[in-house]
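Below is one structure, written out as structure tokens; the observations come after it.
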Amino acid sequence: MGKRVADTAGGPAGRQCAMPMNHEFAPTEPARADVDTAAGQGPVLVEFGAPWCPHCQRAQPLLEQTLAAHPGVRHYKIEDGSGKPLGRSFRVKLWPTLVFMQGGQEVARLVRPTEAGPIADALARIDPAA
């Protein structure tokens, strides 16, 4: 299996590193335009949450399991909070919120997932060749 390509949310657009998924929430967020640009270049998963959130913690094994089958999906793991512009631009209300993007557009959204199936289905919509 190939290595996963993931972006560090605080880095410049296009900066990539090999890793199975982002395990740490990025304390700084990219601009919405950078996320939209990345989604125009390939499949993107934007995960909004917080490290102390129990719902977010419970979702981590599900994300790791499902992202392993989609090494080409760029994963942004964003620490969200009151007044953070990226989360507000996506109208995030609850954590975790997973936004699946392809072709510069939102294709699917999951809020507080509790099973791997819906995550796998949404990933297959943005990365069908995996």
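The values are calculated or read from the model by the stated rules, or taken from the named source; none is laboratory data. Every value quoted in this text rests on a predicted model; they were computed, and no experiment measured them. Glycine gets a Cβ as well: all are built from the backbone with ideal geometry, and neighbour counts include every protein chain shown. With ligands, DNA and RNA removed, areas are computed over all heavy atoms of the protein, side chains included. Shrake-Rupley method; radii C 1.70, N 1.55, O 1.52, S 1.80 Å.
How much accessible area per residue does the stretch 23-88 have, in Å², with a 1.4 Å probe?
Each residue of the stretch 23-88 exposes 44 Å² on average to a 1.4 Å probe.
At a 1.4 Å probe radius, carbon and sulfur cover how many percent of the accessible area of the stretch 41-130?
Carbon-and-sulfur percentage of accessible area, whole number: 55.
Across the stretch 52-61, in residue order, what do the Karplus-derived ³J(HN,Hα) couplings come to in whole Hz, using 6.51 cos²θ - 1.76 cosθ + 1.60 with θ = phi - 60° and x for Gly and Pro?
8, 6, x, 5, 5, 4, 5, 7, 4, x
Grab the Cα-Cα distance for HIS55 and GLN41, subtract it from 0.36 nm times how many residues apart they are, and report the gain in nm with one decimal.
Stretched out fully, the HIS55 to GLN41 stretch lengthens by 2.0 nm.
What distance in nm lies between label points placed 7 Å from Cα along the C-beta direction at GLU106 and ARG91?
The modelled label-to-label distance comes out at 0.6 nm.
Give a quick list of trypsin sites (Lys or Arg not before Pro) in the stretch 62-98 that DSSP marks as loop, anything other than H, G, I, E or B, with at most 13 other Cβ atoms within 10 Å.
Listed in order of number, the matching sites are ARG91, LYS93.
Below 8 Å between Cα atoms, with a sequence gap of 6+, how large is the relative contact order for the stretch 26-107 in percent?
Relative contact order for the stretch 26-107 comes out at 51 percent.
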